[in-house]
1. Please give the number of the condition residue 47 fails out of (1) without any contact (Cβ under 8 Å) to a residue 40 or more places away in the chain; (2) part of a helix (DSSP H, G or I); (3) out of contact with any Ser or Thr (no Cβ under 9 Å at 6 or more places or on another chain).
2. Within region 17-51, count every residue that is acidic (Asp, Glu) and at pLDDT below 90.
3. Which of the numbered conditions does residue 54 fail, given that it passes all the others? Conditions: (1) in a helix (DSSP H, G or I); (2) open to solvent by 90 Å² or more (accessible area, probe 1.4 Å).
4. How many residues are outside any helix (DSSP H, G or I) and crowded, with 16+ Cβ neighbours inside 10 Å when one looks only at region 9-27?
Amino acid sequence: MTESDLIREEIAELEAQIFRIRGSMNRADNGVKLQKLAVITRLRDRCKKSLAALEKHGAAA
C-alpha cells in the first residue's frame, strides 16, 4: 500500500467515527461527545490536507 492509500484508509475510519458519534448524540448532555467530535474532525481535516499535499507533490514529481 502506498502512503496515500494509508491516509485514505485513515480518513475513512475517522469519517466512520464522526458518523457514529453524531448518530449517538441524542441527549442534552453531549459535552464529551462534542469535544471528541471536534478532535476527530480536526484530525480528519489534517489527514485530508496531508493527502492533498502528497498527491500534489506526487503529481509534480
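The values are calculated or read from the model by the stated rules, or taken from the named source; none is laboratory data. Please read all numbers here as calculations on a predicted model, not as lab measurements. Neighbour counts run over all protein chains shown; Cβ positions are idealised from the backbone, glycine included. For accessibility, only protein heavy atoms count, side chains too; no ligands or nucleic acids. Shrake-Rupley method; radii C 1.70, N 1.55, O 1.52, S 1.80 Å.
1. So residue 47 meets the others, but not (1).
2. Here is the first cut: in region 17-51, the ones acidic (Asp, Glu) are 29, 45.
Subsequent filtering for residues that are at pLDDT below 90 retains 29.
Result for region 17-51: 1.
3. Result: residue 54 fails condition (2) only.
4. Narrowing region 9-27 to residues outside any helix (DSSP H, G or I): 25-27.
Pick out the ones that are also crowded, with 16+ Cβ neighbours inside 10 Å and you get none.
Residues meeting the conditions: 0.
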